[in-house]
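Accompanying notes for the structure given below.
The values are calculated or read from the model by the stated rules, or taken from the named source; none is laboratory data. Bear in mind the structure is a predicted one, so any value in this text is a computation, not a measurement. For neighbour counting, all protein chains shown are included, and Cβ atoms are generated from backbone atoms with ideal geometry for every residue, glycine included. Just so you know, the surface numbers come from the protein's heavy atoms only, side chains and all, with ligands and any DNA or RNA stripped out. Shrake-Rupley method; radii C 1.70, N 1.55, O 1.52, S 1.80 Å.
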Amino acid sequence: MIQQKIEQKLKDVFSPSYLEVINESHMHNVPAGSESHFKVIVVSESFEGQRLISRHRAINTTLADELQNHIHALAMHTYTDIEWQKEKGIAPDSPNCLGGNKR
């Protein structure tokens, strides 16, 4: 449910040419079925000319309610179409969780 809200909000605001919202909660010390840790890959021409911090702030603003009330962690990978092509359509993997009892 949270994942779908994230996807819809990002689609509505950024009109992405590529969007992937990945629930990475299973990689963390949380109950099964949790929706608390996400990774988003957003490719949008609306990022053209923006620095990374501006892109991330825009996503934080868009997802303010989810970040305030539901999401514990959000990894953001933001690209223009040209940047995404240079990355060959691959975003970095998220690091393994070192929190909780997984240290």
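So here's what we get for this one:
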item	result
All positions within segment 33-64 that are modelled with pLDDT of 95 or more and acidic (Asp, Glu)	Glu45, Glu48
Cβ pairs under 8 Å, 6+ apart, first in segment 54-68 and over 16 Å from Lys11 (Cα atoms), second open to solvent by 50 Å² or more (accessible area, probe 1.4 Å)	Leu67/Asn60
